[in-house]
1. Output the helices (runs of 4 or more DSSP H) that fall wholly within segment 1-72 and possess 1 or more residues being modelled with pLDDT under 95 and either among the charged types (D, E, K, R) or surrounded by fewer than 11 Cβ atoms within 10 Å (Cβ to Cβ) (or both), or say none.
2. When you go through (1) in contact (Cβ under 8 Å) with a residue 12 or more places away in the chain; (2) closer than 16 Å to G172 by Cβ one by one for T73, which number turns out not to apply?
3. State whether the residues of segment 106-116 include one that is closer than 26 Å to S11 by Cβ, over 14 Å from the mean Cα position of the chain (by Cα) and buried (at least 16 other Cβ atoms within 10 Å of the Cβ).
4. Taking only pairs six or more apart or across chains, which ones have beta-carbon atoms under 9 Å, a first residue in segment 137-151 that is of a type in the set (G, A, S), and a second residue that is outside any strand (DSSP E or B)?
5. Being at pLDDT 90 or above and either open to solvent by 70 Å² or more (accessible area, probe 1.4 Å) or in a strand (DSSP E or B) (or both) is the filter here; which residues of segment 158-178 pass it?
6. Output the number of residues of segment 107-139 satisfying the condition of being in contact with a strand residue (DSSP E or B) (Cβ under 6 Å, 6 or more places away or on another chain) and of a type in the set (G, A, S).
7. Collect the residues in segment 84-99 that are part of a loop (DSSP other than H, G, I, E, B) and either aliphatic (A, V, I, L, M) or closer than 14 Å to T155 by Cα (or both), keeping them in residue-number order.
8. If I ask for residues that are touching a His at 6+ places or on another chain (Cβ under 9 Å) and buried (at least 17 other Cβ atoms within 10 Å of the Cβ), which ones from segment 73-99 would you list?
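The values are calculated or read from the model by the stated rules, or taken from the named source; none is laboratory data. Predicted, not measured: the structure shown is a model, and the values here were computed from it. Positions of Cβ are backbone-derived with ideal geometry, glycine not excepted, and every protein chain shown enters the neighbour counts. We work out accessible area using only protein heavy atoms, side chains counted, and drop any ligands, DNA or RNA first. Shrake-Rupley method; radii C 1.70, N 1.55, O 1.52, S 1.80 Å.
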Amino acid sequence: MTTVNFSYRRSLPADALILSTLATQVFFDTYATNGINPELVKESETLYSVGVFQNRLCDETIVILVATSGDDTVGFIDVDFATTCPVEGIHGAEVFRLYVQRPFLRMGIGRSLMAKAEALVSSKCISSIWLTAWSGNHRALGFYKSIGYQDLGSTEYVIEGKGYENRVLYRGLGNNTV
């Protein structure tokens, strides 16, 4: 079995094209479970364009970390320090997106990116981290539970007028709890 070594670094503006492409690929792998439809295509064009990533990479309230294998990007985590949790009374930074390319799942990349994000959030004296995950993404929900995230309830994500249930997940950092 070949051992793959991964490196992690803060994303640069030059990474926008790679992040856009990787995000689009993972989005369709995850959400186009019945095929590709116009609503998903519009959503991907809105959320994952190069311009969207260029803007996020220039926003001082956002940090994107990438996982690489050699010169190739295989995953990333997007942490937003300026969003509001949909569950009242929960504050902290949001993991806006954690995407790992399918061939690299179950290799510890997601776990490493989450640990790095949690350390980054803690370094800014923020005591908690939260995220939302589609209720149909059982693999992701199981992963977050396995690393200590609590399910606090649901919120709705709307694509082209159709609502999708997302679970709100939370983790206190350090000695803090909900």
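1. Values: elements: 16-31, 38-47, 50-58.
Here the list reads 16-31, 38-47.
2. (2)
3. Checked segment 106-116: at least one residue is closer than 26 Å to S11 by Cβ, over 14 Å from the mean Cα position of the chain (by Cα) and buried (at least 16 other Cβ atoms within 10 Å of the Cβ).
4. Every condition considered, the pairs that remain are A140/T30; A140/G110; S146/R111.
5. E165, N166, R167, V168, L169, Y170, R171, G172 - these are the residues of segment 158-178 that are at pLDDT 90 or above and either open to solvent by 70 Å² or more (accessible area, probe 1.4 Å) or in a strand (DSSP E or B) (or both).
6. Total meeting the criteria: 5.
7. T84, C85, P86, V87, E88, I90
8. Going through segment 73-99, the residues touching a His at 6+ places or on another chain (Cβ under 9 Å) turn out to be 84-85.
Answer for segment 73-99, where residues must be touching a His at 6+ places or on another chain (Cβ under 9 Å) and buried (at least 17 other Cβ atoms within 10 Å of the Cβ): just C85.
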